[in-house]
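First up is the structure itself, then whatever we jot down about it.
Read-outs throughout are calculated quantities, based only on the coordinates presented, and are distinct from any laboratory measurement. In this text the structure is predicted, and so the values were computed from the model without any measurement. Positions of Cβ are backbone-derived with ideal geometry, glycine not excepted, and every protein chain shown enters the neighbour counts.
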Number of protein chains: 2
Amino acid sequence: MEEDPIQPESPPTALDIVRTRSLASLVSQELEAMILSGALPAGERLNEQQLALRLGVSRGPVREAVRGLERSGLVVSVRNQGSYVRSVSATEALEIYDLRAALTGLACARLAGTATPAQLAELGALVQRMEAAWAADAATEYYAANLDFHAALLQGGGPRGQRLYEDLGNELHLFRRRALVEPQNMRESNAEHAAILAAIAAGDALAARAAGEAHIAGGKRRFQSTDASRPAALAQNAASPRRRTRRSA
Amino acid sequence: MEEDPIQPESPPTALDIVRTRSLASLVSQELEAMILSGALPAGERLNEQQLALRLGVSRGPVREAVRGLERSGLVVSVRNQGSYVRSVSATEALEIYDLRAALTGLACARLAGTATPAQLAELGALVQRMEAAWAADAATEYYAANLDFHAALLQGGGPRGQRLYEDLGNELHLFRRRALVEPQNMRESNAEHAAILAAIAAGDALAARAAGEAHIAGGKRRFQSTDASRPAALAQNAASPRRRTRRSA
DNA sequence: CTGCGGCAAACTGTTGACAGCCTGCACTTG
DNA sequence: CAAGTGCAGGCTGTCAACAGTTTGCCGCAG
């Protein structure tokens, strides 16, 4: 045996990753990270052989990955013309907020009936972490804790809804790299978090749902007031897949 | 020229489809139809070269299509082992019902504020069509009209939510080919349709939302009472991707 | 100077082929 | 007779190459 099957290796950091994940899935993961990090901005053309060369693989896996990303809404493709990082319009962004509100409300309502003490403690710790981040004016820390909080919320709602929520969040990232978290917004947002947690802890499904929806609606409002209504951002982000532009090598 | 570009051919039934759609997208469409029609039942293994041979294409487009279907939740893949039509468990099916309820409620609420007379007329016509189908005991006719009704509902909610709803509906089809529409259920279901329409026509967003959610919840209840709670169906549909089974050609 | 037509480069779409892995059967051995 | 082992077959994962199309540029005519 080349590997001892008895002792469990907790860190999957080995080349047995290669044994379980296909190249296409790894490329997909990498491309998704590139898109969400902004390395591949919205509207950017995806050159297959260039990506293949850069990632050290053939064009086959790249094409498969792109096809998957197309289905998940991060990429749009036109035959014989190429694939482009999807541009999300302002109206689409607003709709996505509504969808996320509905999903969050559902998850909160369910969580109000099924939450374990451990889950409540976890949510409470995250709220405190965000409170501390606000006090320290640590935007990135707040951002991370906020992501965790929402993930924990959705985790209680069900696996399918969780994946849906993540996908929608990714699409939103295409419009604006990161939601602007101003100090005032942080405070307001975290107050809503606390309200959600309180309703869940009280076991009040209706109130939890309303609080969850109100929180996302608040995020939508904050988003609108800072960015979306500006025509500049609108015009910039509503750009359709433009004509191919020859790259100078 | 082999084709006159002046006169607009309303039916796109030509081989210029080949000029706009890639083989991979056509294969994806075909596979999706096969899965939803039951020609490829849940748990079925997808043999790439067999599918390629059957569809008259190479394995490349088939692989790309399968990758897309994997992202949309219809297929699961295991490296070096193959792809399988996804099996949806009973609990997942119930969660999907909840998600669809939230989406439908959202669409109804928005529609209550934005519905045009034409949209209202269309919805009313569909309700009448279903009423007639119920009177004639025409299950398939009712089924089709029901699909149209919900599509029209979601269309008013936004394009993104519509696609989401369709995807979730497809996943539900994986659990049970078609929701059993018994005469009693048809009557009950269509009464809920009428309630939705009334709330939308009245412009009452809250009532419309509640009616929309109640309708899907009713469908979930009807689904549970007829099928899901039966342990047989549960065991059959919860099957995981099983070991490869050699096919006798 | 402007509009048009042809040409060449690049890129996508598709195919066929090769290597590695898993599976299942048959044989051997205790 | 049961359990383990070697072997052949099939299938997936990946790659390299070919054909078709689109695109951008250059030259030419008006």
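What the table below lists for this structure:
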item: For A:147, B:172, order by how many other beta-carbon atoms lie within 10 Å, fewest first; result: A:147, B:172
item: Placed amide H near residue B:86: partners under 5 Å, 5+ positions off or other chain; result: B:43, B:75, B:76
item: Charge tally in the Cβ shell below 15 Å around residue B:187, where Lys, Arg are +1 and Asp, Glu are -1, residue B:187 excluded; result: -3
item: Tensor-based shape of segment B:17-86 (alpha-carbon gyration tensor, a/c under 1.5 rounded, otherwise prolate or oblate); result: prolate
item: Shape call, segment B:126-185: gyration tensor on alpha carbons, a/c limit 1.5; result: oblate
item: Distances in nm from residue B:36 to the matching label points in the other copies, shortest first (labels 7 Å along Cα to Cβ); result: 2.8
item: 7 Å along Cα→Cβ, label-point gaps from residue B:166 to other copies, nm, shortest first; result: 2.5
item: Sparse-neighbour loop sites [trypsin sites (Lys or Arg not before Pro); segment B:16-98; at most 16 other C-beta within 10 Å; DSSP]; result: B:21, B:79
item: Other-chain or far-sequence residues with amide H under 5 Å of residue B:40's (modelled H); result: B:35
item: Residue-wise HN-Hα coupling along segment B:94-100, computed from phi with Karplus coefficients 6.51, -1.76, 1.60 (Hz; x: Gly, Pro); result: 5, 5, 4, 4, 4, 5, 5
item: Cβ-derived FRET efficiency at R0 45 Å, residue A:155 paired with residue A:81, nearest 0.05; result: 0.65
item: Cα shape, segment A:55-128, gyration tensor, a/c 1.5 rule; result: prolate
